[in-house]
Every structure is written in structure tokens, then in C-alpha cells.
Amino acid sequence: MRNPNSRTGPASGRPRPPPVAAVTCPSLGTAVKRASGRGKEGAAGVRLRQSRAASLYGRSRWASGHVGLPGGVGRAGQRLCQAGPGDGWCWFHLDYCASLKNLETISNKQNYKFIKGDICEAPFVKHLFETEKIDIVLHFAAQTHVDLSFVRTLEFTYVNVYGTHVLVSAAHEARVEKFIYVSTDEVYGGSLDQEFDESSPKQPTNPYASSKAAAECFVQSYWERYKFPVVITRSSNVYGPHQYPEKVIPKFISLLQHNRKCCIHGSGLQKRNFLYATDVVEAFLTVLKNGKPGEIYNIGTNFEMSIMQLAKELIQLIKETSTESETENWVDFVNDRPSNDMRYPMKSEKMHGLGWRPKVPWKEGIKKTIEWYRENFHNWKNAEKALDPFPVTQPFIQ
């Protein structure tokens, strides 16, 4: 049996960083300190303080703080830093391999720091919690590419389940004030007519969703056993700038912008609910402020579209086709992946009760997304590899 504390991940053979790593990031123009030599500011958590800005959240303890974002170099992490309540909050991104290009939009802000590290390195994570006096965590870190999960299941289990267990265990030992685990609507499995609410059973149908469901169980067990204040969110498909092009919307956009056809799995009749990035960021901020410990919150939208209709709309917008036959010339049907669920319909009344609803219309969000990828596709190394259709057999180098 493989030692989980070794420095090589299963299946991939990728090297792990040392438990405490020195990181430099000169292109960002921001000081990135050695984890063992930082000052009073935390590298992976929140240090809450009193302030005069108490009216922000209706209670003084949420007026300012240091927010930790494992896996936070992605689109949600950098947008949280931009959309946060104010200068009283400091944001710390803990990430292993994502593109640092996503952080250039916040490189001049004085209230964030990037730390390179791996959530699967238990000594590294424990060190951060012990030395930084962490109080709150928003846990985004995960392997998320569903296609890849079918051929690299151990990697997904290791990162998504073991890594989450490392984080929640360290957070519990450090007695943090809130641990928010970011999950997915895919843990419910598919449904043609039933709408899922937070009490619906978990019935995942692919390795990625299974790993997220298993991680949820570990997180929930800390509430059940210790009343450790955990909160779980399950969101619909998120889209917008800064998303790695393995996901369906940036993949189709990038394929078309490179004069390649949209590769549609199976019939293309599968439907998905799409939520713009700024809306989901507002949802996370709402949960951070008002989410109750031990609760699960669906972050969803009623906007639903089939994958075929998505492809047609993007073709018309990017290629400016005017007839059905012209549009269909930009579609390529490929083999379907196993267990490709038809729909993930969710109820989000609990989030509505906290005061959150999605605001960005589809036409506005997709226009901004297309424009961003026209200029930023090559923010990632080997981004073209992410455009390959299923089956995907090799991890992408970001």
C-alpha cells in the first residue's frame, strides 16, 4: 500500500512539494513568503478581527478577516478577492498547479498573498493551521475533469477525498470558526423530472462525483461527531472568464476560435444549468456570512440548456452562421462518456432564504466569456490539449 505521506501522487507519478516550500512569484509583483517565515497574516485561513465596519454583515466579527482559499487560484478564488466586502479582508490563495495568470487581475491589491502548496501534504497543511491560527476555510481544491476521472480514478480519490480529509482534520484540530466545502450538483446523480433538494440522497454516477460525495461524508462526519462548524455547497455548472478550457463552455468557445468543430458527446441532448461566475461568488460570500453550521446549500439556477443548443448558440455567435446547415458544419459528434447524466435539476430555496439569487442574464454572461477567451486562451500551458474529446487519458499541465 502506498504511503499517503509520500511525495508522489498515485497513478500520475507527479512530484509533491516539500511540506514547507519557498515560493517566488515575481510576475505578480506580490510578496509570497516561505510558509514557515510569514508574519502575522495567515497563508491558508481567516483571522477574524473586530472593526468599525460591523454593519457589513450585521455583526462585528464578520467585519474583517483573513480568508483562506485552498484551490483558490481558479476563477472563483480571484473573483472572491475582487468582490470581497472591503479592504478589511485579506485573501490567501493556497494552490498547487493552477495558472497564476488568473491572479494578475489582483496582483496590485495589498490584501492577498499566494502560497504554493498541496492539500494532500498533511504536515504542510497542519503547519499552516498551527502557525497561522486559522479561523475560516473555503475549500475549492479538487480534481474536477469528469472525462479524466474515468481513467485516473485513484488520483481523483487521493486529491478529492484524502486531501479534503487532511484539510478538515487540520481545521478541526485548529478549531476554526467555519469550514466551507465546495461540492457539486453531480453528487445527486441524474434525473429527468425530480428536482433535488439538499435532503435528496447522494447517487453519483461517475468517479469525479463519487469522490466529491465521499469527501462530503468526511466533512459531514465532523459535524455529526464533534459539532465542528462545517457548511457544504453544491452548485450548478459555473462558467465565465478564467475557467480552464476542459469545461464544456470554454472548450466549445476555444475550439471555434481555433477553427475547430464542437465535439459533442453522444446525442447532445443532455441538459445543464449554467451559472455565471460572479453569481456563484456572491453565493459563496452569502454562505460565508449567513450559512448555518451543519447545513448544505444548493447553489443553482433555473436556466437550463441542452449541450446541442449550447453548441449552436456559440457557433452562431462566434462563426456568425445564418442557416441550420452552416451551423451543423461546426458540430462533430463523438463517443459518449459512460454514465453521462441527462439533467441535474436542483431547488435552491435555502439559498434564496439567505437573500441570494442569480442576477447575470445568459446573453450578458456568455458575451463576456467569449471576449475573454479570445485574448486569454494561452494563459495555461498546453491549453490545446484540453480541447481533445473523450476519452481523455493524460492529465493536463496547467
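The values are calculated or read from the model by the stated rules, or taken from the named source; none is laboratory data. Given the structure is predicted, the values throughout are model-derived calculations rather than measurements. Note that each Cβ is placed from the backbone with ideal geometry, even for glycine, and that neighbours are counted across all protein chains shown.
For region 351-393, the tally of residues that are part of a helix (DSSP H, G or I) and among the hydroxyl-bearing types (Ser, Thr, Tyr) stands at 2. Scanning region 318-335 for residues that are among the β-branched types (Val, Ile, Thr), closer than 19 Å to residue 185 by Cα and out of contact with any strand residue (DSSP E or B) (no Cβ under 6 Å at 6 or more places or on another chain) turns up nothing. In region 229-284, the qualifying residues are those that are at positive phi and surrounded by fewer than 24 Cβ atoms within 10 Å (Cβ to Cβ), and the one that is nearest to the chain's Cα centre (by Cα) is 268.
Being outside any loop (DSSP other than H, G, I, E, B) and in contact (Cβ under 8 Å) with a residue 12 or more places away in the chain is the filter here, so list the residues in region 324-350 that pass it. Scanning region 324-350 gives 327, 331, 332, 333, 334, 346, 349, 350.
Does residue 380 fit the bill of being surrounded by 15 or more Cβ atoms within 10 Å (Cβ to Cβ), within 20 Å of the chain's Cα centre (by Cα), at pLDDT below 95 and not small (Gly, Ala, Ser)? In short, yes. Could you run through region 179-216 and say how many residues are among the aliphatic types (A, V, I, L, M) and without any contact (Cβ under 8 Å) to a residue 40 or more places away in the chain? So the count comes out to 1. Here the condition is being surrounded by 24 or more Cβ atoms within 10 Å (Cβ to Cβ) and out of contact with any Asp or Glu (no Cβ under 6 Å at 6 or more places or on another chain); of 150, 179, 196, it holds for 179 alone.
Just to be sure, is residue 239 within 18 Å of residue 180 (Cβ to Cβ) and either of a type in the set (Phe, Trp, Tyr) or free of Cβ contacts under 8 Å to residues at least 24 places away in the same chain (or both)? The answer is no for residue 239.
Checking each residue in region 176-218 for being part of a strand (DSSP E or B) and touching a Ser or Thr at 6+ places or on another chain (Cβ under 8 Å) picks out 180, 181, 182, 183, 184. When the residues of region 329-353 are filtered to those that are modelled with pLDDT of 95 or more and charged (D, E, K, R), the one that is surrounded by the most Cβ atoms within 10 Å (Cβ to Cβ) is 343. One residue stands out among those in region 227-273 that are in a loop (DSSP other than H, G, I, E, B) and small (Gly, Ala, Ser): the one that is nearest to residue 351 (Cα to Cα), which is 236. Quick one: would you say residue 202 is surrounded by fewer than 20 Cβ atoms within 10 Å (Cβ to Cβ) and on the phi > 0 side of the Ramachandran plot? Criteria not met by residue 202. Need the failing condition index for residue 138 against (1) in contact (Cβ under 8 Å) with a residue 60 or more places away in the chain; (2) of a type outside the set (Val, Ile, Thr); (3) farther than 19 Å from residue 233 by Cα; (4) in contact with a Leu (Cβ under 9 Å, 6 or more places away or on another chain), just the number. Here residue 138 clears every test but (3).
Can you confirm whether residue 124 is over 22 Å from residue 205 (Cα atoms), in contact (Cβ under 8 Å) with a residue 40 or more places away in the chain, more than 13 Å from the chain's Cα centre (by Cα) and assigned to a strand (DSSP E or B)? It is false that residue 124 is over 22 Å from residue 205 (Cα atoms), in contact (Cβ under 8 Å) with a residue 40 or more places away in the chain, more than 13 Å from the chain's Cα centre (by Cα) and assigned to a strand (DSSP E or B).
Results for (1) more than 29 Å from residue 287 (Cβ to Cβ); (2) touching a Gly at 6+ places or on another chain (Cβ under 6 Å); (3) of a type in the set (Asp, Glu), shown as yes or no for each residue.
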site: 305; (1), (2), (3): no, no, no
site: 310; (1), (2), (3): no, no, no
site: 314; (1), (2), (3): yes, no, no
site: 325; (1), (2), (3): yes, no, no
site: 332; (1), (2), (3): yes, no, yes
site: 335; (1), (2), (3): yes, no, no
site: 344; (1), (2), (3): no, no, no
site: 353; (1), (2), (3): no, no, no
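The set of residues from region 285-323 being in contact with a Ser or Thr (Cβ under 7 Å, 6 or more places away or on another chain) and either touching a residue at least 40 places away in the same chain (Cβ under 8 Å) or not hydroxyl-bearing (Ser, Thr, Tyr) (or both) comprises 287, 297, 298, 299, 300, 301, 312, 315, 316. Summed over region 265-306, the residues that are of a type outside the set (Gly, Ala, Ser), out of contact with any Pro (no Cβ under 6 Å at 6 or more places or on another chain), over 15 Å from residue 357 (Cα atoms) and modelled with pLDDT of 95 or more give a count of 9.
Counting only residues that are surrounded by 21 or more Cβ atoms within 10 Å (Cβ to Cβ) and not hydrophobic (A, V, I, L, M, F, W, C), which one in region 211-228 is farthest from residue 270 (Cα to Cα)? Applying the filter and picking the extreme gives 216. For the structure I just gave you, tell me whether residue 141 is at pLDDT 85 or above, of a type in the set (Gly, Ala, Ser) and closer than 20 Å to residue 381 by Cα. Judged against the criteria, residue 141 is a match.
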